[in-house]
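The values are calculated or read from the model by the stated rules, or taken from the named source; none is laboratory data. All values derive from a computational prediction rather than experimental measurement. Cβ placement follows ideal geometry from the backbone for every residue including glycine, while neighbour counts extend to all protein chains displayed. The area values use the complete protein model at the heavy-atom level, side chains included, leaving out ligands, DNA and RNA. Shrake-Rupley method; radii C 1.70, N 1.55, O 1.52, S 1.80 Å.
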Amino acid sequence: FFSLEMSAQMIYERLMAEREQIEYSRFGRNKLTDAQVDIVRRQMQKIKSSGNLQVIDDIYAVEVICNQIAEFKPDLAVVDFIQIVDSTRSFRDVRQKIDYISTQFKRIAKRTGCTVLVLSQLSRAGKDAPTMSDLKESGGLEQDGDYIALLHRPYILDKTDKTIAPEKTVLNLDKNKFGRTGVLDLWFDLKYQKFVEIDNRYAECVSAPPITGKDVPF
């Protein structure tokens with residue numbers, strides 16, 4: 001996990017909040033109980049000893065990131081996020097740089113067989129749900145991505161509308177090179193910082209959105 005925006009500690013805290021059902025705000029306020037501190041320490045030790053997850057927060061150049069992927073050949077590499085990835089090369093403008101970075105990630109994924117999940121900012125003038133054209137400062141992302149999934153939380157765009165639940169989220173799979181596209185209704189668990197899938201089969205029978213309990217890996 002190449003975390004260019006958040007520190008490694010913040011990523012691990014979110015992971016612990018989600019996995020161990022610890023209220024995320026407790027980490028920031030240093031309000032963990034002794035029992036929770038013990039759980040976090042034990043689980044972090046397990047994660048580190050397993051070697052299944054490594055969070056890197058001090059590498060910014062795409063060339064170095066790609067070298068790391070080529071060397072370690074992970075099953076999945078996550079980059080958060082592409083607009084603050086840098087390069088050892090010079091470019092005329094930001095758009096050209098982002099297109100180059102996108103191409104480099106595409107090439108390293110093809111070369112190593114690693115799935116590269118790249119997060120991106122969105123640039124929207126209105127308050128509609130995002131589309132691929134809203135990917136900030138790049139057309140290359142549309143071209144290079146085999147899959148493009150767009151998260152939309154209506155509450156973020158209009159916090160004055162009391163009819164919109166802060167947790168309501170829509171995941172729009174806007175591009176799927178190998179199959180169908182579509183929309184998935186999600187519920188953002190603010191307490192534990194995770195997305196869960198909504199089971200719409202019973203939506204008319206209850207007042208609160210029923211959830212499957214199935215975590216969404218995004």
- Query: Looking only at GluC sites (Glu not before Pro) in DSSP loops with at most 16 other Cβ atoms within 10 Å, what is the longest site-free stretch of the chain?
  - Reply: 24-203
- Item | Where the range 88-168 is the region considered: accessible area per residue in Å², 1.4 Å probe | 63
- Simple Cβ-charge dipole of the chain, Lys/Arg +1 and Asp/Glu -1, about Cα centre, in debye nearest 20: 220
- Rounded to whole Hz, the Karplus (6.51, -1.76, 1.60) HN-Hα couplings of the range 109-123, x for glycine and proline: 5, 5, 6, 9, x, 7, 7, 10, 9, 10, 8, 9, 6, 10, 10
- Message: Given axes a ≥ b ≥ c from the Cα gyration tensor, I'd like to know whether the range 75-126 is rounded (a/c under 1.5), prolate (a/b larger than b/c) or oblate.
- Response: oblate
- Where labels lie 7 Å past Cα in the beta-carbon direction, separation of LYS136 and TYR60 in nm: 1.5
- For the range 1-139, the accessible surface attributable to carbon and sulfur atoms (probe 1.4 angstrom, ligands and nucleic acids excluded) amounts in percent to 46
- Query: Just how far, in whole angstrom, is the range 6-72 from the range 116-193 if you go by their alpha carbon centroids?
  - Reply: 24
- Message: Give the residue list of trypsin sites (Lys or Arg not before Pro) in the range 152-186 that are DSSP loop and have at most 14 other beta-carbon atoms within 10 angstrom.
- Response: LYS159, LYS162, LYS177, ARG180
- Kindly flag which residue pairs out of LYS31/LYS136; LYS48/LYS168; LYS46/LYS106; LYS46/LYS110; LYS97/LYS175 have an alpha-carbon separation exceeding 29 Å in this structure. LYS31/LYS136; LYS48/LYS168; LYS46/LYS106; LYS46/LYS110
- Query: For the chain, what is the convex hull volume of its Cα atoms per residue in Å³?
  - Reply: 159
- Give me the accessible area per residue for the range 41-85, probe 1.4 Å, as a whole number in Å². 60
- Expected vector for the range 70-87, Karplus 3J(HN,Hα) from phi with 6.51, -1.76, 1.60 and θ = phi - 60°, integer Hz, x for Gly and Pro, equals 5, 6, 8, 6, x, 5, 9, 10, 10, 10, 10, 9, 5, 5, 10, 6, 10, 8
